[in-house]
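Novice: I have a structure I would like to understand better, so I am pasting it below and will then ask my questions one at a time.
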Amino acid sequence: MADPTVPWGIPLFDDDDPFAPVQAPLNAQSAALNDALNSIAGDTGWIAPTLGAGWSNSSDGDPIMYRRFRGIVHLRGRGSTTGVSASAFRLPTGFRPTFTGYWLAERFGSSIRMNVNSIGDVNQTSPDAETIISFFSCPPFIAEQ
């Protein structure tokens, strides 16, 4: 815990709860810094995206969701696709990477290559089959734009 009498003594992480928000300003000098940290490093909570054509949430109770926590984007959930569209959903501004990142996603005991590009599209690379795809295996990435 930071000493409230020390300027700029803002703890960025709570050892007991890593998803706890950044603490409130400790004094007037730290207010601007705290506001800046919260704008880029706060927690958005889990957000359900608008899914693309042919995509729906899997019926297993794990809907596709995304979250920005302390500047890092996380994906989770499982989605069903009819193979009509490669794009599962588009991340909004503030959640997008500056480059395209790839990962292997689980698909009925096999895997499929997925990507997140700089305009925020979350895609499967070969939209040719009806399948269920897991987003739990997507590695967290930095929200740079």
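Novice: May I ask you to compute the full-extension gain from ALA53 to ILE119, defined as 0.36 nm times their residue separation minus their alpha-carbon distance, rounded to one decimal in nm? Write down the numbers at each step before the final one.
Specialist: Values: separation 66, 0.36 × 66 = 23.76 nm, distance 1.76 nm.
Here the segment from ALA53 to ILE119 would lengthen by 22.0 nm.
Novice: Now for a different question. List the residues, sorted by chain then number, that are 5 or more residues from PHE135 or on another chain and whose placed amide H is less than 5 Å from its amide H.
Specialist: Amide H neighbours of PHE135, under 5 Å, 5+ apart: GLY77, ARG78, GLY79.
Novice: Label points 7 Å out from Cα along the Cβ direction at GLN145 and TYR102: separation in nm?
Specialist: Here the modelled spin labels are 2.0 nm apart.
Novice: Right, something else. Considering amide H positions built from the backbone, and no H for Pro or chain starts, which residues 5 or more places from ILE72, or on another chain, come under 5 Å of its amide H?
Specialist: Amide H to amide H, under 5 Å and 5 or more residues apart or across chains, ILE72 pairs with ALA143.
Novice: Label points 7 Å out from Cα along the Cβ direction at HIS74 and THR44: separation in nm?
Specialist: About 1.4 nm, to one decimal.
Laboratory data are not the source of any read-out in this text; all were calculated from the coordinates shown. Predicted, not measured: the structure shown is a model, and the values here were computed from it. Here Cβ is always computed from backbone atoms with ideal geometry, including for glycine, and neighbour counts include all displayed protein chains.
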